[in-house]
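Down below is the structure, laid out as structure tokens.
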Amino acid sequence: MQFIADILPAVVERPASVETTAWGAAYVAGLTRGLYPEPEALVAAWRPERRFTPQMPADEREERYAGWRRAVAGVLATV
């Protein structure tokens with residue numbers, strides 16, 4: 001998660017529950033059927049377990065991103 005925060009650069013919050021994705025899918029299904037309240041109720045109750053803030057220097061981030069782009073271009077060239 002730290003690497004994602006560094007590369008984006010953006011704050012990344014990890015939820016306390018590892019099942020958040022499954023809960024989100026169930027919530028959307030229930031919302032469409034009128035079984036759950038509007039999303040604002042969930043947003044108010046959500047709490048992160050940990051917050052990751054960008055720490056990587058901008059020059060390093062740009063260098064790593066450029067390397068990733070070169071790698072992707074190399075893969076696409078062989079397809």
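Inside the range 36-56, can you point out the residues that are among the aliphatic types (A, V, I, L, M) and at pLDDT below 90?
Looking only at the range 36-56, we keep the residues that are among the aliphatic types (A, V, I, L, M), and these are 41-45, 56.
Across the range 36-56, the qualifying residues are A41, L42, V43, A44, A45.
Can you tell me which residues in the range 26-55 are of a type in the set (D, E) and either under 18 Å from E13 (Cβ atoms) or surrounded by 10 or more Cβ atoms within 10 Å (Cβ to Cβ) (or both)? Please lay out each step first, then the result.
Initially, the range 26-55 is screened for residues of a type in the set (D, E), giving 38, 40, 49.
Selection gives E40, E49.
The rows are residues; the columns are (1) touching a residue at least 12 places away in the same chain (Cβ under 8 Å); (2) touching a helix residue (DSSP H, G or I) at 6+ places or on another chain (Cβ under 7 Å); (3) among the polar types (S, T, N, Q).
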{"position": "A5", "(1), (2), (3)": "yes, no, no"}
{"position": "L8", "(1), (2), (3)": "yes, no, no"}
{"position": "E40", "(1), (2), (3)": "no, no, no"}
{"position": "Q55", "(1), (2), (3)": "yes, yes, yes"}
{"position": "E60", "(1), (2), (3)": "no, no, no"}
{"position": "A66", "(1), (2), (3)": "no, no, no"}
{"position": "A71", "(1), (2), (3)": "no, no, no"}
{"position": "A77", "(1), (2), (3)": "no, no, no"}
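Given the condition of a type outside the set (A, V, I, L, M), surrounded by 11 or more Cβ atoms within 10 Å (Cβ to Cβ) and assigned to a loop (DSSP other than H, G, I, E, B), answer yes or no: does some residue in the range 56-78 qualify? No, the range 56-78 has no match at all. May I ask you to list the residues in the range 1-24 that are at pLDDT 90 or above and open to solvent by 60 Å² or more (accessible area, probe 1.4 Å)? Those that are at pLDDT 90 or above and open to solvent by 60 Å² or more (accessible area, probe 1.4 Å): M1, F3, I4, L8, P9, V11, E13, R14.
The values are calculated or read from the model by the stated rules, or taken from the named source; none is laboratory data. The structure displayed is predicted, hence computed values, not measured ones. Reconstructed Cβ throughout: ideal geometry from the backbone, glycine too, with neighbour counts over all protein chains shown. For the accessible areas, the whole protein counts, side chains as well, though only heavy atoms, and no ligand, DNA or RNA atoms are used. Shrake-Rupley method; radii C 1.70, N 1.55, O 1.52, S 1.80 Å.
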